[in-house]
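The values are calculated or read from the model by the stated rules, or taken from the named source; none is laboratory data. Note that the coordinates shown come from a computational prediction; the quantities given were computed from them, not determined experimentally. Don't worry about glycine lacking a Cβ; one is built from the backbone with ideal geometry, like all the others, and counts go over all protein chains shown. In case anyone asks, the SASA skips ligands and DNA or RNA and just uses the protein heavy atoms, side chains included. Shrake-Rupley method; radii C 1.70, N 1.55, O 1.52, S 1.80 Å.
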Amino acid sequence: VVHEGDFLARPAEPFADVCVMNPPFGQQADMKHVMHALRCLKPTGRLVAIVSPGYEHRRTKQANEFRDLLECAGEKVRDIASGTFKESGTDVRTVLLRFE
């Protein structure tokens, strides 16, 4: 099932088996989207997201909570090769997160 609309306005209740996302990065929105998506997963759900690696060095409350979440959730992080999205008009550095 595909849901359209403001994802962050959707109730944070488990409904999804799988979530694949490329959320917006500006103003730490990627962290907000991933944290919300994790609350929307069923207990056996999986999430894969492309995010900015900004959470690694930021010292904001949001970034601190995100790092704690990643540490506790047993995430798998992989750097995405530089230039991967250049053809789409962006060359921002990204990483792939996977939660099972």
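So here's what we get for this one:
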quantity	calculated
Selection status of Arg39, over 21 Å from Asp6 (Cβ atoms) and among the charged types (D, E, K, R)	no
Subset of the range 1-31 (residues that are assigned to a loop (DSSP other than H, G, I, E, B) and touching a Cys at 6+ places or on another chain (Cβ under 9 Å))	Arg10, Pro11, Ala12, Glu13, Pro14, Phe15
Verdict on Val92 being hydrophobic (A, V, I, L, M, F, W, C) and in a strand (DSSP E or B)	no
Of residues in the range 61-94 being open to solvent by less than 50 Å² (accessible area, probe 1.4 Å) and either of a type in the set (Phe, Trp, Tyr) or over 26 Å from Pro14 (Cβ atoms) (or both), the one modelled with the lowest pLDDT	Gly83
Subset of the range 49-67 (residues that are under 14 Å from the mean Cα position of the chain (by Cα) and assigned to a helix (DSSP H, G or I))	Pro53, Gly54, Tyr55, Glu56, Gln62, Ala63, Glu65, Phe66, Arg67
Any chance Val34 is closer than 26 Å to Glu4 by Cα, of a type in the set (Val, Ile, Thr) and either open to solvent by 60 Å² or more (accessible area, probe 1.4 Å) or outside any loop (DSSP other than H, G, I, E, B) (or both)	yes
Residue match in the range 48-58 (condition: loosely packed, with under 11 Cβ neighbours inside 10 Å, touching a residue at least 12 places away in the same chain (Cβ under 8 Å) and in contact with a Lys or Arg (Cβ under 9 Å, 6 or more places away or on another chain))	no
Every pair of residues 6+ apart whose Cβ atoms lie under 8 Å, when the first sits in the range 88-99 and is under 16 Å from Lys32 (Cα atoms) and without any contact (Cβ under 8 Å) to a residue 12 or more places away in the chain while the second is loosely packed, with under 12 Cβ neighbours inside 10 Å and among the hydrophobic types (A, V, I, L, M, F, W, C)	none
Selection within the range 1-27 - loosely packed, with under 14 Cβ neighbours inside 10 Å, at negative phi and among the small types (Gly, Ala, Ser)	Ala9, Ala12, Gly26
